Ligand code: SF4
């Protein structure tokens, strides 16, 4: 298998996010919900090993506020 060095950037649309915390529950190593319900992205660039977690967070977001952008 050819090795790729793709990095994925997690982008949060703050106008859509309502702070329900689903993403933090799905991927606590990537997201944290603060006391005031604002979402903190703990790692906004993820590597291949964390990509599945980031994708899981995108899937559970009911507001479609999360987007993954591949950077090379
Ligand atoms: S799951 Fe979506 S709406 Fe909920 S806190 Fe995360 S980004 Fe915001």
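With the biggest extent put first, the Cα atoms of the chain measure 43, 20, 17 Å across the principal axes. Secondary-structure-derived ellipticity at 222 nm for the chain, considering helices only, amounts to -7000 deg cm²/dmol, per-run term -39500 (n - 2.57) for DSSP H runs with n ≥ 4.
Placing pseudo-labels 7 Å out from each Cα toward the beta carbon at residue 51 and residue 64 gives an inter-label distance of 2.4 nm. Which FRET efficiency, nearest 0.05, do residue 36 and residue 6 yield, Cβ-Cβ r, R0 30 Å? With R0 = 30 Å, the Cβ-Cβ based efficiency is 0.30.
Seen against the Cα atoms of the chain and their longest principal axis, helix 48-60 is set at about 40 degrees.
Taken together, the values in this text are just the output of simple stated rules run on the coordinates, not laboratory data. What you are looking at is a predicted structure, and each value in this text was computed from that prediction instead of being measured. Quick reminder, even Gly has a Cβ in these numbers, built from the backbone with ideal geometry, and neighbours come from all protein chains shown.
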